[in-house]
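J.: Here it is, the structure in full.
Computed from the coordinates by the stated procedures, all read-outs in this text should not be read as laboratory data. All figures in this text were calculated on a predicted structure; none of them were measured in a lab. Note: ideal-geometry Cβ built from the backbone for every residue, glycine included; neighbour counts use all protein chains shown.
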Amino acid sequence: MTKRNILLVSIIGVVLYLVSMYSVSFGICDDASYSCRKTADLAQTTFTIFPLVLLFSLITYKMQEVVFQAWWRFAMWFVPLIMIVTFFLYSGHQQSGFGGVAQDAFYFAILVALYAIFILTSLIRIVLAHRRLKQENM
């Protein structure tokens, strides 16, 4: 995929994230509709990765193609992985008592670890590719 396509997909993902976040405000869900709000919350949680994808696609957009491709080769499989894990963690999720709180903390820890891996690996890949490119041009 090209830089432009990734940028467009990430913008669409951020829009979906925001629409699902504010589904009641946009009139998509009725405030009293638990099932609609639960579906919107699941969509919001699943699309949470897209603001980061947008950020990294903007960071690499003006850089040379080699740097973008170094990041994209990692992101193209890790972003769907985060989305799938998030979807499966929260799709059957039911909050009930202390077990629900412990389960939420466990899910949150998994997602924080995945997001941390994504951010750190993305930064490392971008910086290393940029440095390698600079050294080759000297």
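J.: Can you give me the angle between helix 50-61 and the longest principal axis of the chain, using Cα atoms only, in degrees from 0 to 90, rounded to the nearest 10?
T.: Relative to the chain, helix 50-61 is tipped by roughly 10 degrees.
J.: Estimate the FRET efficiency between V66 and A105 by the formula 1/(1 + (r/R0)^6), using the beta-carbon distance for r and 25 Å for R0, to the nearest 0.05.
T.: 0.05
J.: For the chain, what does -39500 (n - 2.57) per DSSP helix run (n ≥ 4), summed and divided by total residues, give at 222 nm, in deg cm²/dmol to the nearest 500?
T.: On the way: 5 runs with 112 residues, N = 138.
Mean residue ellipticity, 222 nm, calculated: -28500 deg cm²/dmol.
J.: Tell me which lysines have Cα within less than 22 Å of K134's Cα, excluding those fewer than 8 residues away on the same chain?
T.: Those lysines meeting the cut-off are K3, K62.
J.: Additional query: Treating only the Cβ of Lys, Arg, Asp and Glu as charged (+1, +1, -1, -1), what charge dipole size does the chain show about its Cα centre? Round to the nearest 20 debye. Show your work: numbers first, answer last.
T.: On the way: 10 positive and 6 negative charges, 142 e Å.
Dipole of the chain, to the nearest 20 debye: 680 debye.
J.: In addition: What distance in nm separates the two pseudo spin-label positions at L58 and V85, each 7 Å out from Cα along the beta-carbon direction?
T.: For L58 paired with V85, the spin-label model returns 2.5 nm.
J.: From the P(r) of the chain, could you give the percentage of C-alpha pairs in the tail past 24 Å?
T.: Values: 3846 of 9453 pairs.
It works out to 41 percent of all Cα pairs.
J.: Relative contact order for the chain: what is it in percent, counting Cα pairs under 8 Å that are at least 6 residues apart?
T.: 26
J.: Where is the GNM fluctuation largest for the chain (alpha-carbon springs, 10 angstrom cutoff): I119, I11, I28?
T.: The residue that fluctuates most here is I28.
J.: OK, next. With the crude spin-label approximation of a point 7 Å out along Cα→Cβ, what separation in nm comes out for T121 versus M1?
T.: 1.6
J.: Would you calculate the separation in nanometres between label points at N137 and W77, each defined as 7 Å from the Cα along the Cα-to-beta-carbon direction?
T.: 2.9
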